[in-house]
1. For residue 74, are the conditions met, namely being assigned to a helix (DSSP H, G or I) and farther than 22 Å from residue 122 by Cβ?
2. Among the listed residues 93, 117, identify the single one that is without any contact (Cβ under 8 Å) to a residue 40 or more places away in the chain and either in the same structural domain as residue 35 (by TED's automatic domain parsing) or not in a helix (DSSP H, G or I) (or both).
3. Can you run down the residue pairs with Cβ atoms below 9 Å, 6 or more apart or on separate chains, where the first is in region 29-43 and modelled with pLDDT under 90 and the partner is of a type in the set (Phe, Trp, Tyr) and part of a helix (DSSP H, G or I)?
4. Can you tell me how many residues in region 44-59 are part of a helix (DSSP H, G or I) and either surrounded by 19 or more Cβ atoms within 10 Å (Cβ to Cβ) or in contact with a helix residue (DSSP H, G or I) (Cβ under 6 Å, 6 or more places away or on another chain) (or both)?
5. Taking the criterion of being surrounded by 14 or more Cβ atoms within 10 Å (Cβ to Cβ) and either assigned by TED's automatic domain parsing to the domain that holds residue 85 or under 23 Å from residue 39 (Cβ atoms) (or both), would at least one residue in region 125-143 satisfy it?
Amino acid sequence: MELHNPVKANVLSDVFAQLIRISLSERIVEALSAAQVTYAQFEALRYVQTHPHTTVGDLSAGLRISYPSATNMVGRLSRKGLLQKRGIRADRRIVRLVLTPAGDQLVHEVREERGKRIAEIMAAMRARDRDHFLMALDNFIIAAGRCGLADPVDLCLSCGSGGMSDCTLLHVGAEHKCR
């Protein structure tokens, strides 16, 4: 294999991104969602699950979508019985988003299935290759930060309390705080 080949790196990164997005994300959501949820809607459910007391505005900012898009998404997820809007007695203008048991179960099932599939792929690799792969991904993200091409604000998954304490993004930007 030719080292430092940017053409090969470009192609492999496209294939890797497709694998993650389609095979390990969108198809799992499609297969497990009896409510016909899109991947974008699943991401909204995931965000609400990991960020208690979320408002539509928080959701909009966290997913980097417009407020009207977030409002429409909340409406669709509410109609599907996956999300509820709850007002606060002290200030009825504030509406919090809460997953229904069905919404919470869907997020849990998708995460579990994705974890199983990733574990299956990792198990098919030699132990040394697994370690090198994970180290290479960390180093790639950190190097992109050094080049000014990886802004933690843009890359942060807003994973909330479910995040890793040693998140790579903490090494990319000194001022970055995980959300």
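1. Criteria met by residue 74.
2. Result of the check over 93, 117: 93.
3. Taking only residues 6 or more apart or on different chains, the pairs are 33/42.
4. So the answer is 9.
5. yes
The values are calculated or read from the model by the stated rules, or taken from the named source; none is laboratory data. Being a predicted model, the structure only gives us computed values, none of them experimental. Positions of Cβ are generated from backbone atoms using ideal geometry, with glycine treated the same way; all protein chains shown enter the neighbour counts.
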